[in-house]
Every structure is written in C-alpha cells, then in structure tokens.
Amino acid sequence: MEKWTLLDSKYIIQRPWATLRVDKLQLPNGNIKDEYYVLEYPTWVNMIAFTEDNQILFVRQYRHGANKIMVELPAGVVDDGEAPEAAAHRELLEETGYVFESIEYICELYANPATSGNLTYTYVLKGGRKIQEQQLDSSEDIDVVVMGIEEAKQFLFDNKIGQALHASALFYSFQKLGLL
C-alpha cells in the first residue's frame, strides 16, 4: 500500500470554521484524480468529566447542522500552540465552571479521514468541582447536564448521544474504566 502523491492543491474557501481545498492527486496505479475535496478543521478535544461525587457532566446545546438540541460531551477546539490536555481543562472550565484533579488520555479519533484530517482527542477527567459560572463564547448557549454512571450508560445504549465521536469516546472510556 502506498500513499497518494499530491500534485496540486488550491483553497476554495478559508474561514475559521469552514476551510475547503481541492487537491489534484496521483494514485499509486498512475491514475490522476483531478478534484479531491478536503475539509480542514482544527484539532478538537472531547471530555468525559467525572465530578467529585462520581457524576458525569454533559452539555445540552442546539446543533444547527442537525437542526436539533442535543446532549453531548463537553468538547472544544485546541487553540494554536495549546496542548490537548490544557485545552480539555480550559474548555471544561469555560463550558461547565468545573476544575478537575486528574486527567487521563483515552484515544484519538478522526471524524472522517477520507475527507478531513483533523484529530479529536478524548480524555477522562476526575475529581471535578464547580468553582465558577460558565464563561461561554458569544455563539454558545449551553446547559450543563449531570448524570450518574448508570444513567449515562443507558443514555448511550438508547442511542441518545447523536454525535458519533462523543458516542465512540464514551464507549472507549467506559471500556477502559471497566464500566461496561
């Protein structure tokens, strides 16, 4: 198996949350793909956040692409030059007002590696305690939802986590923590 050779690349649109490029590629068999579209997104972090009393924090927010209000994991973008672990702590403090005693790496996932190259890191954080109110961005409207472990597992098993990377993160985390 060989990688494809990049012959040319052009940006069609470059915005903070929507970057699309078209690549011209040569496949190992010699065939040329004149137009292969790639979406570029920043690196993300997803967090399974356990409070001091072993509850799990979720967030409820409107997701315009799906036109639904969804319950998800706290998550966010890793800023340029920021370590993913630092982004996890920062995003949790901003979205929930909680700080955490420990953090453990769980996995890295690609949303769709056929057309996008960004990574999503998943972490489990424990010992969370609320120290402040949410500090949301102007485009965020987020409710914090707290669930017990069994309730969270049932929520996942009932297919109520519609964000695929969040469902995967929960399965990986529950498995690693011996909760499945």
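Among (1) within 14 Å of the chain's Cα centre (by Cα); (2) open to solvent by less than 20 Å² (accessible area, probe 1.4 Å), which single condition is Tyr121 missing?
Going through the list (1) within 14 Å of the chain's Cα centre (by Cα); (2) open to solvent by less than 20 Å² (accessible area, probe 1.4 Å), Tyr121 breaks only (2).
For Asp141, work out the one condition from (1) more than 23 Å from Gly178 (Cα to Cα); (2) open to solvent by less than 80 Å² (accessible area, probe 1.4 Å) it doesn't fulfil.
Answer for Asp141: the failing condition is (2).
Kindly indicate the residue of the stretch 23-60 that is hydroxyl-bearing (Ser, Thr, Tyr) and more than 15 Å from the chain's Cα centre (by Cα) and also farthest from Phe155 (Cα to Cα) among those meeting that condition. Steps first, answer last, please.
Taking the stretch 23-60 first, the residues hydroxyl-bearing (Ser, Thr, Tyr) are 36-37, 41, 43, 51.
From what is left, the residues that are more than 15 Å from the chain's Cα centre (by Cα) are 36-37, 51.
Details: Tyr36: 38, Tyr37: 35, Thr51: 18 Å.
Checking each candidate, the answer is Tyr36.
When Thr19 is evaluated against the numbered criteria (1) at pLDDT below 95; (2) open to solvent by 40 Å² or more (accessible area, probe 1.4 Å), which criterion, by number, is the only one it fails?
With (1) at pLDDT below 95; (2) open to solvent by 40 Å² or more (accessible area, probe 1.4 Å) applied to Thr19, the lone miss is (2).
Answer yes or no: is there a residue in the stretch 95-112 that is more than 30 Å from Lys130 (Cα to Cα), of a type in the set (Gly, Ala, Ser), touching a residue at least 60 places away in the same chain (Cβ under 8 Å) and surrounded by 11 or more Cβ atoms within 10 Å (Cβ to Cβ).
Scanning the stretch 95-112, I find at least one residue that is more than 30 Å from Lys130 (Cα to Cα), of a type in the set (Gly, Ala, Ser), touching a residue at least 60 places away in the same chain (Cβ under 8 Å) and surrounded by 11 or more Cβ atoms within 10 Å (Cβ to Cβ), so the answer is yes.
Go through the stretch 51-94 residue by residue and tally those that are open to solvent by 60 Å² or more (accessible area, probe 1.4 Å) and either assigned to a strand (DSSP E or B) or touching a Lys or Arg at 6+ places or on another chain (Cβ under 7 Å) (or both). It would help to see each step written out before you state the result.
Keep residues of the stretch 51-94 that are open to solvent by 60 Å² or more (accessible area, probe 1.4 Å), which gives 52-54, 60, 62-65, 67-69, 79-81, 85, 89.
Remaining after also requiring either assigned to a strand (DSSP E or B) or touching a Lys or Arg at 6+ places or on another chain (Cβ under 7 Å) (or both): 52, 60, 62-63, 68-69.
Number of matching residues: 6.
The values are calculated or read from the model by the stated rules, or taken from the named source; none is laboratory data. Quick caveat: nothing in here was measured; it's all calculated off a predicted structure. A quick note on method: Cβ atoms are made from the backbone with ideal geometry, for glycine too, and the neighbour counts reach across all protein chains shown. When the accessible area is computed, the model is the full protein with side chains, heavy atoms only, and any ligands, DNA or RNA have been set aside. Shrake-Rupley method; radii C 1.70, N 1.55, O 1.52, S 1.80 Å.
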